1. Could you run through region 386-434 and say how many residues are touching a Lys or Arg at 6+ places or on another chain (Cβ under 9 Å) and at pLDDT below 90?
2. Can you tell me which residue is farthest from the ligand (Cβ to nearest atom) among those in region 41-52 that are touching a residue at least 12 places away in the same chain (Cβ under 8 Å) and surrounded by fewer than 24 Cβ atoms within 10 Å (Cβ to Cβ)?
3. Quick check on my filter: what residues within region 185-207 are closer than 15 Å to ILE262 by Cβ and of a type in the set (Gly, Ala, Ser)?
4. Residue check: is THR437 over 26 Å from ARG314 (Cβ atoms) and either surrounded by fewer than 16 Cβ atoms within 10 Å (Cβ to Cβ) or touching a Lys or Arg at 6+ places or on another chain (Cβ under 8 Å) (or both)?
5. Tell me yes or no: at least one residue of region 332-348 is loosely packed, with under 14 Cβ neighbours inside 10 Å and touching a helix residue (DSSP H, G or I) at 6+ places or on another chain (Cβ under 9 Å).
6. Please tell me if ILE80 is away from the ligand (no atom under 13 Å from the Cβ), over 29 Å from ILE189 (Cα atoms) and crowded, with 19+ Cβ neighbours inside 10 Å.
7. Restricting region 190-209 to residues that are of a type outside the set (S, T, N, Q) and over 15 Å from LYS3 (Cα atoms), which is farthest from the ligand (Cβ to nearest atom)?
8. Among (1) touching a helix residue (DSSP H, G or I) at 6+ places or on another chain (Cβ under 8 Å); (2) within 16 Å of the ligand (Cβ to nearest atom), which single condition is GLY58 missing?
Amino acid sequence: MRKVVKFGGSSLADAEQIRKAAAIIREDESRIYVVPSAPGKRSSSDTKVTDMLLKAYGMAVNGEDITEQLEKIKARYDGIIEGLGLQGFSLEGDFAILADNLKNEPQKDYTASRGEYLNGKVLAAYLGFEFIDAAQVIFFNDEGNLNSYKTLKTMNKVVGQKKGVVIPGFYGMGKDGRVRTFSRGGSDITGSIVAQAMKADMYENWTDVSGFLVADPRVIRDPAGIRYITYRELRELSYMGASVLHEDAVFPVCRSGIPIHICNTNRPQDEGTWIVESTGQKPDYVITGIAGRKGFCTVLITKSMMNSEIGFGRKVLQVLEEEGLSFEHMPSGIDTMTIVLHEDEFLPKEQQVISAIHRAVEPDAVEVEAGLSLVAVVGRGMRSAKGTAGRLFTALAKADINVRMIDQGSSELNIIIGVENKDFEKTIEAIYGEFITPASK
Ligand code: ASP
């Protein structure tokens, strides 16, 4: 058995947290590939090392003196090194190189990546593992996307049969030979790539929560946890705003069917969440999760006999394409077509789009409505449970919620409901109450 273990920033925020992580790694000898984040927040008012580095970069670009800022960052690492009792280990040389880079030719991605690079060095020294710089094994192409072929081949060659390596998360090497980072939170992606490349049996992602919750704890107090979720269900939920894992982290392991296990560094005894390709495990509830977002708007296009007009939809979508707009959903009726878009992208261009639609398809009317929230109810269990939609809409009606839009894909994996922003929380509460609370289990 070979496992990749990725630890998030709060799991490595100080010496005490690193000790916990190290104990977890040592406890199971199949935990042989370690991917660390940069030290994160030690308390809610603290600053992540990545943000401290980005601040230093901003100061350097403005020609400000960065000495003090770099000292603050160094103090975080020195505190860790001392707290771990790492004799004879120092990052002096690395900080001198960073200072030099910032003074002479500041590079944003390079600077941001040092958080994980330095933390990787500390962790490798503490564990007695080999440190492998991610810039040697992860590669990006010209467009800034992962060069998967080169990455998998090189990582296999460099890591080979080694057991006990630390590969820092979040960055790799660009085509121009400079360091490039993934988007924020990207160490999750590194972990997934390492799992794919090394054909690991499992990707353990250690964080500060015990996995995914059925609903957002800011809306539902103390929501139930999700034990098993499929890649596809997770994709639906993360798209709608559930965030524990970086959205793109699923793709590399997904291709190889490697399960991701989300675990809590502070409560390793908790079961956590398994993210899998497929499972025969009976879901705990008919629905797996509820997620949602505010800030959508709808464009309702009406035209008599629309259903028999060939090419109508294409022409409308072409308008959106030409305006550089992506749409989220497109429920339609016989003589109506509704397009759901992000408010912040659409509203600045709304008048252009409306007139372009008029030119393209000569509709009877175009009506825009803003202030919409979308709530996604996701669950593989819905396919085999009869009456789910009935229960859902009855619950919403009972809660006096006016449903403005419904969209159910034929995959039967999710039902998306549009409600007014003011009903957003109430909608999630009503759905949770219907499907999750013990009385309705
Ligand atoms: N340290 C980076 C960030 O704060 C990447 C990560 O933690 O995954 O976004």
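1. 3
2. Residue satisfying both the conditions and the ranking: ARG42.
3. Once the filter is applied, which keeps residues that are closer than 15 Å to ILE262 by Cβ and of a type in the set (Gly, Ala, Ser), region 185-207 yields GLY185, SER187, GLY191, SER192, ALA195.
4. Values: over 26 Å from ARG314 (Cβ atoms): yes; either surrounded by fewer than 16 Cβ atoms within 10 Å (Cβ to Cβ) or touching a Lys or Arg at 6+ places or on another chain (Cβ under 8 Å) (or both): yes.
Answer is yes for this residue.
5. Yes, the conditions are met somewhere in region 332-348.
6. Numbers: away from the ligand (no atom under 13 Å from the Cβ): yes; over 29 Å from ILE189 (Cα atoms): no; crowded, with 19+ Cβ neighbours inside 10 Å: yes.
It is false that ILE80 is away from the ligand (no atom under 13 Å from the Cβ), over 29 Å from ILE189 (Cα atoms) and crowded, with 19+ Cβ neighbours inside 10 Å.
7. The residue in question is VAL209.
8. If we test GLY58 against (1) touching a helix residue (DSSP H, G or I) at 6+ places or on another chain (Cβ under 8 Å); (2) within 16 Å of the ligand (Cβ to nearest atom), just (1) comes out false.
The values are calculated or read from the model by the stated rules, or taken from the named source; none is laboratory data. No experiment lies behind these values; they were computed from the predicted model shown. Please note: Cβ atoms are built from the backbone with ideal geometry, for glycine as well, and neighbour counts cover all protein chains shown.
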